[in-house]
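Bear in mind these aren't lab numbers, they're just calculated from the coordinates by the rules spelled out. Every value quoted in this text rests on a predicted model; they were computed, and no experiment measured them.
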């Protein structure tokens, strides 16, 4: 890994801002295609310290619109391929999603070909759903659970083996467009009050710093609008829940999900509270809110489950809740990999593939690209 103090004055083909899943997947994909040198700037001391590392690890292919579903399907395919050389990365447990057709459209379901389950079949998977009032239940056998730290480690290995590097504890500051082409990026030491310790140069730039992307890019006169939201997760004991492999379950209608984890259970009540980047709190008690959410579906014994741990993570959305990917039409060489919302784990490898293609000259589909129609912000170009 590169030290922060040794960066000043170095020039790279591509600099990626953010060492989470989207940033590492993009950098690794670029390295695999012979693009080098590549540098990832990560302000924390480890990869995926924020949203990437604070999720439930659910691989879900059916999304709220067909374009996102297409990326999810591709991302899941790439995860299964990676599983062949990274054992225990992915467990194909399947998913059980209770949803109405308006939340997940037929055009999304058609891409994953789920099985529609009867109420009796649902309760064969989950006898604990005694109080579930019924509804549409979709079983997608190719969904599953991914080991997020293992995925981050695998991407780090790919990046380094492809000639790329990561500078941990290196916060990117203001970006300046150079008259001679490319960019100059301030680099600050995260652990020492953020003084500017130098600049790095690059021909192309990828913004993949999640909840911080709007503030970061706005400081460099490339404004975008992003909504940052907080969501809680908690782990309980099993309460007699057996440890056989079962599909994870998501109740879109009631607003909660559950992932079996051996001797414990991972839950979320699907909060979506607006927040500032890095501010991790909820307006209601996480445990009380979760218990209230699940009691309308789950066996009453669920109220006696003991909380073992909990945390709050952040999800970032564009105004239209679709991703922002690829080159920005306002500035040649400035690329985005942000706004992945709740699909970052499933889509990460596909996003990396798509953004790497943009860096290498491929056009970005309008669904993902920056445009004035998508973002209520100035179209001012970088000076």
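Some notes on this structure:
- Degrees, to the nearest 10: 66-83 long Cα axis against longest axis of the chain: 90
- Set the Cα radius of gyration of the range 81-200 against 2.2 N^0.38 Å, with N its number of residues, and you get 1.74.
- Here the range 122-275 is treated as a sphere whose radius is the Kirkwood value from Cα pairs; by Stokes-Einstein at 37 °C and 0.692 mPa s it diffuses with a coefficient of 163 µm²/s.
- Multiplying each eigenvalue of the alpha-carbon gyration tensor of the range 49-103 by 5 and taking the square root yields semi-axes of 22, 14, 12 Å, largest first, rounded to whole angstroms.
- Beta-bridge orientation, the chain: approximately 70 percent antiparallel, per DSSP, counting only bridges with both partners inside.
- The range 116-159 and the range 198-244: distance between their alpha carbon centers, rounded to Å: 23
- Tensor-based shape of the range 204-353 (alpha-carbon gyration tensor, a/c under 1.5 rounded, otherwise prolate or oblate): prolate
- Anisotropy class of the range 1-63 from Cα gyration tensor, a/c 1.5 cut: oblate
- Ellipsoid semi-axes in whole angstrom, largest first, where each is sqrt(5λ) of the Cα gyration tensor of the range 185-238: 30, 18, 11
- All distinct Cα pairs of the chain go into the 1/r average, and the inverse of that average, the Kirkwood radius, is 21.5 Å.
- Cα gyration tensor, the range 29-75 - rounded (a/c under 1.5), prolate or oblate: oblate
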